[in-house]
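Novice: Below you will find the structure I want to go over with you.
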Amino acid sequence: MRKFFLGALLVLTAAGCSTLTGSQVLQPGMTRAEVLELFGPPVTLTTRDGDPAEYLNYPADAIQSARGEIGATYSIAIVDGRVNAHGESVRLGLSDVGF
């Protein structure tokens with residue numbers, strides 16, 4: 001019974017997270033060039049005043065966001081040429097990524 005609950009918890013946790021194909025190999029510290037090789041060019045780039053990051057934005061239409069929305073977007077924050085953070089755009093504080 002305990003294994004069942006642990007398995008169910010794992011499935012529910014995974015279902016609540018949004019990912020982009022290939023993001024499981026995306027690691028902090030990877031170079032911008034490695035990201036572009038893995039995902040290709042982003043659909044849009046986002047920068048914000050006072051924020052050192054450049055955000056590479058990708059559509060993730062095939063996923064369901066953590067809030068239950070279809071059509072989430074996925075962003076990768078690049079700081080000093082390297083991956084600093086990545087995840088669902090709204091979780092990174094980006095409300096409008098331009099697509």
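Laboratory data are not the source of any read-out in this text; all were calculated from the coordinates shown. It should be emphasised that the depicted structure is a prediction, and the values quoted were computed from it without experimental measurement. Cβ sites come from the backbone with ideal geometry, for glycine too, and all protein chains shown count toward neighbours.
Novice: Using θ = phi - 60° and the Karplus relation 6.51 cos²θ - 1.76 cosθ + 1.60, list the HN-Hα couplings for the stretch 78-84 in order, rounded to whole Hz, with x at every Gly or Pro.
Specialist: 10, 10, 6, x, 9, 5, 10
Novice: Please give the FRET efficiency for residue 80 paired with residue 25, using the beta carbon to beta carbon distance and R0 = 30 Å, rounded to the nearest 0.05.
Specialist: With R0 = 30 Å, the Cβ-Cβ based efficiency is 0.90.
Novice: Computed FRET efficiency, Cβ-Cβ of residue 95 and residue 34, R0 41 Å: what is it to the nearest 0.05?
Specialist: Given R0 = 41 Å and the Cβ-Cβ separation, E is 0.90.
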